[in-house]
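Structure record follows, encoded as structure tokens.
Bear in mind that the values in this text are calculations on the coordinates, not laboratory data. Since the structure is predicted, the reported quantities are computational estimates derived from the model, not experimental observations. Neighbour counts run over all protein chains shown; Cβ positions are idealised from the backbone, glycine included.
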Amino acid sequence: MAQLKFSAGHVWVRVEGPDAVLGLSDYIQDQMGEITSLELPDIGDLIRATRRMGKVEVEDVFSPIEAPITGEVLEINTEAVANPDLVNSDPYSDGWLLRVRIENPNELEELISEEEYADLTTEV
């Protein structure tokens with residue numbers, strides 16, 4: 001499995017050539033509880049780093065999902081939209097959210113490693 005990078009907004013990034021797959025971290029899905037719905041951008045939309053790229057609903061409360069990088073949305077995990085509990089049960093595999101074309105590879109440098117993220121989330 002490719003190395004993951006993480007944003008301050010608890011979104012993971014897995015680089016696959018010129019593209020990246022994005023999803024919510026196991027830590028944040030666990031903190032939120034049972035996810036009941038996801039709102040994600042459309043294919044062809046441009047998401048921008050540190051801007052809202054969607055939202056997640058837990059117990060009638062919506063929380064924004066912040067984009068970790070800038071890129072064009074190539075694919076949406078429609079299975080996760082239809083069954084948001086996939087994000088809870090398998091956040092790093094079946095529960096991925098988006099595939100995007102990376103617009104600015106330098107933004108990846110702003111993300112933290114799996115080890116740094118693990119340290120950050122265990123200190124909380």
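Would you point out which residue out of T36, T70 is β-branched (V, I, T), farther than 12 Å from V11 by Cβ and in contact with a helix residue (DSSP H, G or I) (Cβ under 7 Å, 6 or more places away or on another chain)?
Numbers: T36 fails: in contact with a helix residue (DSSP H, G or I) (Cβ under 7 Å, 6 or more places away or on another chain).
Of T36, T70, the one residue that is β-branched (V, I, T), farther than 12 Å from V11 by Cβ and in contact with a helix residue (DSSP H, G or I) (Cβ under 7 Å, 6 or more places away or on another chain) is T70.
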**Report entry** Candidates R48, R52, filtered to the one that is under 24 Å from A118 (Cα atoms) and of a type outside the set (G, A, S)
**Finding:** R52
Query - Scope segment 77-114; condition in a helix (DSSP H, G or I), surrounded by 15 or more Cβ atoms within 10 Å (Cβ to Cβ) and of a type in the set (V, I, T); matching residues - result: V81, V87
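Given segment 1-63, what strands (runs of 3 or more DSSP E) lie entirely inside it while holding 3 or more residues that are of a type in the set (A, V, I, L, M, F, W, C) and under 11 Å from the mean Cα position of the chain (by Cα)? Give the derivation first.
Values: elements: 4-6, 11-16, 19-24, 37-39, 52-58.
Strands (runs of 3 or more DSSP E) meeting the threshold: 11-16, 19-24.
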Query raised in the report: What is the number of the single condition among (1) out of contact with any Leu (no Cβ under 9 Å at 6 or more places or on another chain); (2) without any contact (Cβ under 8 Å) to a residue 24 or more places away in the chain; (3) loosely packed, with under 14 Cβ neighbours inside 10 Å; (4) more than 22 Å from T122 (Cβ to Cβ) that Q31 does not meet?
Result: (4)
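To keep it simple, each residue is scored yes or no on (1) out of contact with any Lys or Arg (no Cβ under 7 Å at 6 or more places or on another chain); (2) of a type in the set (G, A, S); (3) surrounded by 15 or more Cβ atoms within 10 Å (Cβ to Cβ); (4) more than 23 Å from Q3 (Cβ to Cβ).
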residue: A20; (1), (2), (3), (4): no, yes, yes, no
residue: L38; (1), (2), (3), (4): yes, no, yes, yes
residue: M53; (1), (2), (3), (4): yes, no, yes, no
residue: E66; (1), (2), (3), (4): no, no, yes, no
residue: E75; (1), (2), (3), (4): no, no, no, no
residue: E116; (1), (2), (3), (4): yes, no, no, no
Query raised in the report: So which of S63, S25 is in contact (Cβ under 8 Å) with a residue 40 or more places away in the chain and over 17 Å from R101 (Cα atoms)?
Result: S25
